[in-house]
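Peer 1: Let me give you the structure first, and then I'll get to my questions.
The values are calculated or read from the model by the stated rules, or taken from the named source; none is laboratory data. A quick note: this is a predicted structure, and the numbers were derived from the prediction, not measured. Methodologically, a virtual Cβ is constructed for each residue, glycine included, from the backbone with ideal geometry; neighbour enumeration extends over all protein chains shown. Heads up: the accessible areas ignore ligands, DNA and RNA and are worked out on the full protein's heavy atoms, side chains in. Shrake-Rupley method; radii C 1.70, N 1.55, O 1.52, S 1.80 Å.
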Amino acid sequence: MRSILTVIILSVFFLSCERTVEIDVPLQTSKLAVNAQWPQNRLFTVYVSKSLSVTDPVPYNYYENRFLVKNAVVVVKENSRIADTLKWDSVNTRYISSKRVKIDSSYTIEVSAAGFSPVSAFSSMPPFIKPSKIVVKGNARTGSDGQLQSEVSVTFTDSPATDYYLFRFRNINGGFSCVNTNDNVVEKTGLSNPFDTDNCLSGNKLLVSDKTFNGKQKTIVFYVNVSDTGPFVDPLTNRTQRPWLEMMHIHEDYYRYIKSINIYDDVSGNPLAEPVNVVSNIKGGYGFFSTYTISVDTLR
């Protein structure tokens, strides 16, 4: 009885002990963050924000964007010559130009703002590569979840250089929620369930490297839910909008950038996962800039 009483007294004593530990967190210098991804024939558009220290207060107003930088000077150089100085667009909260991206050019973004070190990034347009054939076979199989799936085979000819691609299946509602494939050239990183026999991948982030078919003709077979491939009729205009496939020819750093986002999304909310650093290529700051070529084909 005495020993039990002693244990209880000691437990209460230790539980009542508190010690305040102050951690000296070093201040972090705020840096510019630049994000821009440009396909051919699009307007120059650049999003400029800034980093905040972990000690900076978080805004209470959800709609208050304390990260935006509205007084920046954003210069775009085309083939080493100044092409334009972009203007701030308060509606779209970014810097916009009236000039468009050319398919055979290289581009440099230079951004400066009071109180920040200047930043820059470079990218050259990759060659335009598009599918030579897209074949859609409706009701080709039934997925493991019991849903009917269509088979979409995409054929294209790869260039002799090392190439990277990003495929996107989209409809009026956005990217397809689940795309399946048995082809190992499609990057499987980011699978929420790596043991899923169907390899359910996001239709917005289908990465492909040409390591096994460099310079050759390649056909990739995808499976998509039949429900995603149907036409949508706009009730206001009565126009029919069919789903489409975007094939993007991208650089290696863009490939690594999307891959890092896939991994980040996969482990988000998992307290046991290792930290993931999203790829950045902005010199002197944060963010990502790249150019790419894109072809868009309707799925019929």
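Peer 1: Could you say whether any residue in the stretch 252-270 is modelled with pLDDT of 95 or more and farther than 30 Å from Asn225 by Cβ?
Peer 2: Checked the stretch 252-270: at least one residue is modelled with pLDDT of 95 or more and farther than 30 Å from Asn225 by Cβ.
Peer 1: Let me ask something additional. Which residue out of Tyr292, Tyr286 is hydroxyl-bearing (Ser, Thr, Tyr) and either modelled with pLDDT under 95 or open to solvent by 30 Å² or more (accessible area, probe 1.4 Å) (or both)? Lay out the reasoning, then the answer.
Peer 2: Working: Tyr292 fails: either modelled with pLDDT under 95 or open to solvent by 30 Å² or more (accessible area, probe 1.4 Å) (or both).
Result of the check over Tyr292, Tyr286: Tyr286.
Peer 1: For the stretch 19-60, give me each residue that is open to solvent by 60 Å² or more (accessible area, probe 1.4 Å), under 26 Å from the mean Cα position of the chain (by Cα) and modelled with pLDDT under 70.
Peer 2: Val54, Val58
Peer 1: Right, here's the next one. State which residue is nearest to Asn204 (Cα to Cα) when the search covers only the stretch 163-186 and only residues that are assigned to a loop (DSSP other than H, G, I, E, B) and among the hydroxyl-bearing types (Ser, Thr, Tyr). Before the answer, list the steps.
Peer 2: Our first condition is that a residue be assigned to a loop (DSSP other than H, G, I, E, B); within the stretch 163-186, this holds for 163, 172-173, 176-178, 181-185.
Then keep just the ones that are among the hydroxyl-bearing types (Ser, Thr, Tyr); that gives 177, 181.
Numbers: Ser177: 8, Thr181: 14 Å.
Checking each candidate, the answer is Ser177.
Peer 1: Kindly provide the set of residues from the stretch 219-238 that are out of contact with any strand residue (DSSP E or B) (no Cβ under 7 Å at 6 or more places or on another chain) and either in a loop (DSSP other than H, G, I, E, B) or at pLDDT 95 or above (or both), ordered by number. Break it down into steps so the answer makes sense when it comes.
Peer 2: The initial filter retains those residues of the stretch 219-238 that are out of contact with any strand residue (DSSP E or B) (no Cβ under 7 Å at 6 or more places or on another chain), namely 227, 230, 235-238.
Within the stretch 219-238, Gly230, Pro235, Leu236, Thr237, Asn238 meet the criteria.
Peer 1: Also, I was wondering about something else. Can you pull out the residues in the stretch 166-188 that are open to solvent by less than 40 Å² (accessible area, probe 1.4 Å) and closer than 12 Å to Ile220 by Cα?
Peer 2: Within the stretch 166-188, Phe167, Asn180, Thr181, Asp183, Val185, Val186 qualify.
Peer 1: In the stretch 240-280, which residues are acidic (Asp, Glu), part of a helix (DSSP H, G or I) and without any contact (Cβ under 8 Å) to a residue 40 or more places away in the chain? Break it down stepwise before answering.
Peer 2: First, pick out the residues of the stretch 240-280 that are acidic (Asp, Glu): 246, 252-253, 265-266, 274.
Those left that are additionally part of a helix (DSSP H, G or I): 252-253, 265-266.
Passing the criteria: only Asp253.
Peer 1: Continuing with this model, one more query. Of the residues in the stretch 111-136, how many are assigned to a strand (DSSP E or B) and aromatic (Phe, Trp, Tyr)?
Peer 2: To start, the set of residues in the stretch 111-136 that are assigned to a strand (DSSP E or B) comprises 111-112, 119-124, 133-136.
Filter once more, keeping what is aromatic (Phe, Trp, Tyr): 122.
Matching residues across the stretch 111-136 total 1.
Peer 1: Considering only the stretch 257-274, I want to know if a residue exists there that is aromatic (Phe, Trp, Tyr), closer than 26 Å to Thr157 by Cα and either open to solvent by less than 80 Å² (accessible area, probe 1.4 Å) or touching a Phe, Trp or Tyr at 6+ places or on another chain (Cβ under 9 Å) (or both).
Peer 2: Narrowing the stretch 257-274 to residues aromatic (Phe, Trp, Tyr): 257, 264.
Going one step further and asking which of them are closer than 26 Å to Thr157 by Cα, we end up with 257.
Restricting the remaining residues to those that are either open to solvent by less than 80 Å² (accessible area, probe 1.4 Å) or touching a Phe, Trp or Tyr at 6+ places or on another chain (Cβ under 9 Å) (or both) gives 257.
Looking for residues that are aromatic (Phe, Trp, Tyr), closer than 26 Å to Thr157 by Cα and either open to solvent by less than 80 Å² (accessible area, probe 1.4 Å) or touching a Phe, Trp or Tyr at 6+ places or on another chain (Cβ under 9 Å) (or both), one finds at least one in the stretch 257-274, hence yes.
Peer 1: Any residue in the stretch 146-162 that is outside any loop (DSSP other than H, G, I, E, B), open to solvent by less than 30 Å² (accessible area, probe 1.4 Å), touching a residue at least 60 places away in the same chain (Cβ under 8 Å) and in contact with a Gly (Cβ under 7 Å, 6 or more places away or on another chain)? Can you show your working first?
Peer 2: Of the residues in the stretch 146-162, the ones outside any loop (DSSP other than H, G, I, E, B) are 148-157.
Next, from what is left, pick out any that are open to solvent by less than 30 Å² (accessible area, probe 1.4 Å): 149-150, 152-156.
Pick out the ones that are also touching a residue at least 60 places away in the same chain (Cβ under 8 Å) and you get 149-150, 152-156.
Keeping just the survivors that are in contact with a Gly (Cβ under 7 Å, 6 or more places away or on another chain) gives 149-150.
Checked against the condition, which is being outside any loop (DSSP other than H, G, I, E, B), open to solvent by less than 30 Å² (accessible area, probe 1.4 Å), touching a residue at least 60 places away in the same chain (Cβ under 8 Å) and in contact with a Gly (Cβ under 7 Å, 6 or more places away or on another chain), the stretch 146-162 yields at least one hit.
Peer 1: Now for a different question. Give the residue, chosen from Asn199, Asn139, that is open to solvent by 20 Å² or more (accessible area, probe 1.4 Å) and either closer than 29 Å to Val278 by Cβ or part of a loop (DSSP other than H, G, I, E, B) (or both).
Peer 2: Checking each option against the conditions leaves just Asn199.
Peer 1: Please specify each residue of the stretch 96-125 satisfying the condition of being at pLDDT 95 or above and of a type in the set (A, V, I, L, M, F, W, C).
Peer 2: The answer is Ile96, Val101, Ile109, Val111, Ala113, Ala114, Phe116, Val119, Ala121, Phe122, Met125.
Peer 1: Do we have Ser209 as out of contact with any Pro (no Cβ under 8 Å at 6 or more places or on another chain), modelled with pLDDT of 95 or more and closer than 15 Å to Val185 by Cβ here? Steps first, answer last, please.
Peer 2: Values: out of contact with any Pro (no Cβ under 8 Å at 6 or more places or on another chain): yes; modelled with pLDDT of 95 or more: yes; closer than 15 Å to Val185 by Cβ: yes.
Judged against the criteria, Ser209 is a match.
Peer 1: Then there's this: In this structure, does Thr93 turn out to be modelled with pLDDT under 95, surrounded by 13 or more Cβ atoms within 10 Å (Cβ to Cβ) and closer than 27 Å to Val279 by Cα? Reasoning before the result, please.
Peer 2: Values: modelled with pLDDT under 95: yes; surrounded by 13 or more Cβ atoms within 10 Å (Cβ to Cβ): yes; closer than 27 Å to Val279 by Cα: yes.
So Thr93 fits the description; yes.
Peer 1: Which condition does Thr108 not pass, out of (1) assigned to a strand (DSSP E or B); (2) among the hydroxyl-bearing types (Ser, Thr, Tyr); (3) more than 21 Å from Asn35 (Cα to Cα); (4) under 23 Å from the mean Cα position of the chain (by Cα), if it passes all the others?
Peer 2: Thr108 satisfies all of (1) assigned to a strand (DSSP E or B); (2) among the hydroxyl-bearing types (Ser, Thr, Tyr); (3) more than 21 Å from Asn35 (Cα to Cα); (4) under 23 Å from the mean Cα position of the chain (by Cα) except (3).
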